[in-house]
Amino acid sequence: MKTKKGKFTTQSIIVLMILILGVVGYYCYLVNRSNRSADEKAPTAVENVLLRDLDNNYPPTPKEVIRFYNDIIKCFYNEKCSQEELEALALKARGLYDQELLDHNEWDTYLFNLEAEIQDFRNNNRKISNISLASSMDVEEFTQDGYKFARIRCGYNILQGRESSSSLQVYLLRKDEDGHWKIYGWDLAENLRDQEDD
């Protein structure tokens, strides 16, 4: 804004300075907003599982135990984990196991077998595409040898390249002295049918 004589007035300099400050301020706002967005990104599936505090927030039902166990399984087989994350996930999984199952699976052997299974899964280009857990109405609870047990079925769909396959697992859980349902064992449903036929 020039006057008729070609000189800038004080008023036009002030307006120009305000415009420059506005542009600089808006640029700073955009930069800070994008930095905050990067810092506030949603936690990964692995981080969500590892944040779960089993001591203070143990799953209350057999179905919820298996649901959380499936979250761990999906992390094992579908996510890329560091060695530290894998070991932390394995500890979470073992936190859901009955003491008898833990006694039959020493840590070093368990971890070795788990790593081998995961590697085999990846070598064969497999991925868990879907997990379908039985409804709470389909949980079979019974008492045996003074212990409360629960049996629940869970279906797994596996993709291998473009091929899809499915399997049905039956989980057996036992209630411990703290009232927590712990995974006592599992087997393929077809193996259990074969045993019943014998």
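The values are calculated or read from the model by the stated rules, or taken from the named source; none is laboratory data. What you see is a predicted model; the values in this text were computed from it and never measured. Surface areas here come from the heavy atoms of the whole protein model, side chains and all, with no ligands, DNA or RNA. Shrake-Rupley method; radii C 1.70, N 1.55, O 1.52, S 1.80 Å.
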Accessible area expressed per residue, region 86-154, with surrounding protein chains retained (probe 1.4 Å, Å²): 63 Å²
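Please arrange E140, E84 by accessible surface area, largest first, computed with a 1.4 Å probe and ligands excluded.
On the way: E140 85, E84 135 Å².
These residues rank, largest area first, as E84, E140.
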Determine the share of region 66-198's accessible area contributed by carbon and sulfur atoms, expressed in whole percent, with a 1.4 angstrom probe. 42 percent
First check a/c for region 52-171, with a ≥ b ≥ c the square roots of the eigenvalues of its C-alpha gyration tensor; if it is under 1.5, answer rounded, and if not, answer prolate when a/b is larger than b/c or oblate otherwise. oblate
Checked against a 31 Å limit on the C-alpha separation, the offending pairs among K41/K92; K41/K127; K41/K182 are K41/K182
